[in-house]
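As structure tokens, the structure follows; a few thoughts come after it.
All of the numbers you see were taken from the coordinates with simple rules; none came from a lab. Here the structure is a predicted model, which means the values were calculated and not measured. Note: ideal-geometry Cβ built from the backbone for every residue, glycine included; neighbour counts use all protein chains shown.
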Amino acid sequence: DTGVSQNPRHKITKRGQNVTFRCDPISEHNRLYWYRQTLGQGPEFLTYFQNEAQLEKSRLLSDRFSAERPKGSFSTLEIQRTEQGDSAMYLCASSLFEGTDTQYFGPGTRLTVL
Amino acid sequence: AQSVSQHNHHVILSEAASLELGCNYSYGGTVNLFWYVQYPGQHLQLLLKYFSGDPLVKGIKGFEAEFIKSKFSFNLRKPSVQWSDTAEYFCAVSGSARQLTFGSGTQLTVLP
């Protein structure tokens with residue numbers, strides 16, 4: 001069990017640029033979740049996948065955000081035309097959807113939009 | 001919609017003091033309840049969880065939590081805190097939809 005990994009760990013970009021983050025879940029986990037966390041708040045749900053299917057998207061996920069999980073393995077989260085309000089920590093979690101579905105979190109990608 | 005309230009934003013204790021962090025949730029159906037901890041510079045880690053059965057659940061590092069259904073509460077407790085327990089603690093709930101709804105967190109500072 002190597003844990004959930006996320007890359008990059010930090011990303012600084014200028015407003016209007018596109019950014020992409022990657023999440024590699026725990027290998028046998030079939031569910032993958034994306035959350036966003038801003039300072040002083042708990043993580044907020046963005047979207048999740050079961051295998052390669054994107055099953056739910058939060059209303060927080062504007063049309064500038066897109067997520068994929070090709071082949072049900074790693075996932076990418078892309079933000080187009082970044083805005084300063086997108087600055088946050090983006091967290092990925094994975095779980096094995098049977099029984100308890102406990103989510104295990106990665107270290108996150110901290111995005112700063114200048 | 002489900003929601004979670006953590007009323008204590010920052011708690012400061014001396015070592016060996018007892019700890020209780022409050023968590024109340026709002027959800028109309030069957031819930032699963034979690035406490036996660038984030039130590040300085042580290043990622044979120046699962047402390048303990050409740051799905052069913054005994055409402056008193058024990059987690060890692062001597063933490064426990066009690067699910068009181070009538071009060072919609074899932075308070076975290078530890079009889080004697082250590083300096084190494086300094087961290088941010090998040091209560092979370094999931095329902096049929098499985099995604100987690102988190103509280104805003106409680107920063108615990110333990111003074112040596």
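Across segment A:62-82, which residue is farthest from A:Thr112 (Cα to Cα) among those that are part of a loop (DSSP other than H, G, I, E, B) and over 11 Å from the mean Cα position of the chain (by Cα)? If you could, list the steps in order and put the result at the bottom.
Step one: of segment A:62-82, the residues part of a loop (DSSP other than H, G, I, E, B) are A:62-64, A:69, A:73-74, A:80-82.
Those left that are additionally over 11 Å from the mean Cα position of the chain (by Cα): A:62-64, A:73, A:80-82.
On the way: A:Ser62: 18, A:Asp63: 20, A:Arg64: 16, A:Ser73: 27, A:Gln80: 14, A:Arg81: 13, A:Thr82: 10 Å.
Among those that are part of a loop (DSSP other than H, G, I, E, B) and over 11 Å from the mean Cα position of the chain (by Cα), it is A:Ser73.
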Tell me, which residue of segment B:85-103 that is touching a strand residue (DSSP E or B) at 6+ places or on another chain (Cβ under 8 Å) and assigned to a loop (DSSP other than H, G, I, E, B) is nearest to B:Ala16 (Cα to Cα)?
B:Thr86
Residues in segment B:68-82: is at least one within 14 Å of another protein chain (Cβ to nearest Cβ), out of contact with any Asp or Glu (no Cβ under 9 Å at 6 or more places or on another chain) and surrounded by fewer than 18 Cβ atoms within 10 Å (Cβ to Cβ)?
no
Just checking, which of A:Arg36, A:Arg69 is of a type in the set (D, E, K, R), surrounded by 18 or more Cβ atoms within 10 Å (Cβ to Cβ), out of contact with any His (no Cβ under 8 Å at 6 or more places or on another chain) and within 14 Å of chain B (Cβ to nearest Cβ)?
A:Arg36
Selection within segment A:2-25 - part of a loop (DSSP other than H, G, I, E, B) and within 13 Å of chain B (Cβ to nearest Cβ)
A:Gly3, A:Val4, A:Arg9
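May I ask you to say which residue of B:Phe72, B:Phe34 is under 21 Å from A:Arg36 (Cβ atoms) and of a type in the set (Phe, Trp, Tyr)?
Working: B:Phe72 fails: under 21 Å from A:Arg36 (Cβ atoms).
Result: B:Phe34 is the single residue among B:Phe72, B:Phe34 that is under 21 Å from A:Arg36 (Cβ atoms) and of a type in the set (Phe, Trp, Tyr).
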Apart from one, (1) away from every other protein chain (no Cβ under 13 Å); (2) surrounded by fewer than 16 Cβ atoms within 10 Å (Cβ to Cβ); (3) without any contact (Cβ under 8 Å) to a residue 60 or more places away in the chain; (4) of a type in the set (Lys, Arg) all hold for A:Arg59; the odd one out is (1)
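If you scan segment A:73-114, which residues turn out to be among the β-branched types (Val, Ile, Thr), within 14 Å of chain B (Cβ to nearest Cβ) and in contact (Cβ under 8 Å) with a residue 60 or more places away in the chain? Quick ask: steps written out before the conclusion?
Initial filter on segment A:73-114 (among the β-branched types (Val, Ile, Thr)): A:76, A:79, A:82, A:100, A:102, A:109, A:112-113.
Applying the additional criterion that residues be within 14 Å of chain B (Cβ to nearest Cβ) yields A:100, A:102, A:109.
Passing the criteria: only A:Thr109.
For residues that are of a type outside the set (A, V, I, L, M, F, W, C), in contact (Cβ under 8 Å) with a residue 12 or more places away in the chain and in contact with a Phe, Trp or Tyr (Cβ under 9 Å, 6 or more places away or on another chain), tally how many sit in segment A:10-47. Break it down stepwise before answering.
Taking segment A:10-47 as the starting set, the residues that turn out to be of a type outside the set (A, V, I, L, M, F, W, C) are A:10-11, A:13-18, A:20, A:22, A:24-25, A:27-31, A:33, A:35-38, A:40-44, A:47.
From the residues that got through so far, the ones that are in contact (Cβ under 8 Å) with a residue 12 or more places away in the chain too are A:10-11, A:13-18, A:20, A:22, A:24-25, A:27-31, A:33, A:35-38, A:43-44, A:47.
Narrowing the set further to residues that are in contact with a Phe, Trp or Tyr (Cβ under 9 Å, 6 or more places away or on another chain) leaves A:11, A:22, A:24-25, A:29-31, A:33, A:35-37, A:43-44, A:47.
Going through segment A:10-47 one residue at a time, the tally reaches 14.
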